[in-house]
1. Mind checking which residues of the range 193-217 are surrounded by fewer than 18 Cβ atoms within 10 Å (Cβ to Cβ) and hydrophobic (A, V, I, L, M, F, W, C)?
2. Condition first: within 13 Å of ligand 2 (Cβ to nearest atom), surrounded by 15 or more Cβ atoms within 10 Å (Cβ to Cβ) and without any contact (Cβ under 8 Å) to a residue 24 or more places away in the chain. Now tell me which residues in the range 23-72 satisfy that.
3. Can you tell me which residue in the range 76-114 is nearest to the chain's Cα centre (by Cα), limited to those that are among the small types (G, A, S) and surrounded by fewer than 19 Cβ atoms within 10 Å (Cβ to Cβ)?
4. Test L82 against the criterion of being over 30 Å from E191 (Cβ atoms), in a helix (DSSP H, G or I) and more than 9 Å from ligand 1 (Cβ to nearest atom), and give yes or no.
5. Restricting the search to the range 104-144, which residues are modelled with pLDDT of 95 or more and among the small types (G, A, S)?
6. Go through the range 163-187 residue by residue and tally those that are more than 22 Å from E71 (Cα to Cα) and more than 16 Å from ligand 2 (Cβ to nearest atom).
7. Determine whether the range 53-65 contains at least one residue that is part of a strand (DSSP E or B) and either within 16 Å of ligand 1 (Cβ to nearest atom) or in contact with a strand residue (DSSP E or B) (Cβ under 6 Å, 6 or more places away or on another chain) (or both).
8. Answer yes if at least one residue in the range 177-190 is under 24 Å from L7 (Cα atoms), modelled with pLDDT of 90 or more and not acidic (D, E), and no otherwise.
Amino acid sequence: MPTVASLQNLFKIYRKPGTDIEVYALRDVSIDFEQGQYTAIMGASGSGKSTLMNIIGCLDQPTSGRYILGEDDISQLQDDALSEIRSRRIGFIFQNFNLIQQLTVLENLEVPMFYLGIPPHERHRRAVELAHRVGLEQRLDHRPMQLSGGQQQRVCIARALINEPLILLADEPTGALDSKTGVQILQLFDELVAQGRTIIMVTHDPTVAHRCQRVIHLHDGQISRDELNARHPVAAEDGQLTG
Ligand SMILES: Nc1ncnc2c1ncn2[C@@H]1O[C@H](COP(=O)(O)OP(=O)(O)O)[C@@H](O)[C@H]1O
Ligand SMILES: [Mg+2]
C-alpha cells in the first residue's frame, strides 16, 4: 500500500515560558503510515502523543524534520496554507465530541460543508448520507443533548468523514464512553478500515490498541516500539515490521 503520511526525523522542542529550558516533546521520530492502515499510538502521559497527533493533523509544525502528507511537503508551510490542507485532508475525532449544542445532527454535518464551499443542496444530501453511514438516520433532527454519548461520537465520525480525509485522527475516541458503547464505536472504525480508511488513534487502553493493525509506543518523545499485530487479519498478510 502507498504511504499516505511520512514523518522524517521530526523534532518538536518547546521552550518553557520565561526560561531557557527546552522540552523535547518529540526526538527524531520517523514513521511511514500506509494507506488503509489502522494504527494505535500509546505511551505514558507526557510522552508526546498529542504533539505527534497535532503535527500529523496539521494543527502544529515540527521544530525540525520533514512531514509529507499525500504528495505535499508540509513542514515549511505558513499557517494559512497549513489550515487549508488540514480542512481538506484531515478528519478529527475528539474524546469530548466538540459538537455544536444549538444545532441538530443534520446541521452539525452541514456547517463544515458550508466552509468547504459545498452548495446547499449537496450539503443536505451528503449530510443525510453520512448520518446513514454511521447509523443515525433516525436522529437527524436531534440536538447533541438528546443523544447518547455513543450517538454523539457517531456524529463526530460522520463529521470527520465530510472532506473524504486522507487520514482520520482520533484522540482517545472511546475515553468518554462506557465499554459497551466504546466497542460499538470501535466496530464502526473496523468498518471504516475495511472500506480503506486510514485511522490513527491515541489510546491508553491495550485492549483497544489490540484491535489495531499497528501499535506505536512513545516514550519520552521517542518511538520505543513499533509493531504489527500478527493476529490482526490485515496485518498478518503484511507480515512483521522489520527494523
Ligand atoms: N505548548 C507546550 N509548551 C510547552 N511544553 C509543552 C507544550 N505542549 C506539550 N508540552 C510538553 O511536551 C511533552 C509532551 O506533551 P504531550 O504531547 O501533550 O504528551 P501526551 O499527549 O503524550 O501526554 C510534555 O513534557 C509536555 O509537558
Ligand atoms: Mg495528550
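The values are calculated or read from the model by the stated rules, or taken from the named source; none is laboratory data. Note that the structure is a prediction, hence the values are computed from the model and not measured. Backbone-built Cβ (ideal geometry, glycine too); neighbour counts: all protein chains shown.
1. Scanning the range 193-217 gives a single hit, A194.
2. N54, the sole residue that qualifies.
3. The selected residue is S87.
4. Details: over 30 Å from E191 (Cβ atoms): yes; in a helix (DSSP H, G or I): yes; more than 9 Å from ligand 1 (Cβ to nearest atom): yes.
Yes.
5. Passing the criteria: A127, A131.
6. Restricting attention to the range 163-187, the residues satisfying the condition of being more than 22 Å from E71 (Cα to Cα) are 170-187.
After this cut, where a residue has to be more than 16 Å from ligand 2 (Cβ to nearest atom) as well, the list is 177-187.
Number of matching residues: 11.
7. Yes - at least one qualifying residue is present in the range 53-65.
8. Taking every residue of the range 177-190 in turn, at least one turns out to be under 24 Å from L7 (Cα atoms), modelled with pLDDT of 90 or more and not acidic (D, E).
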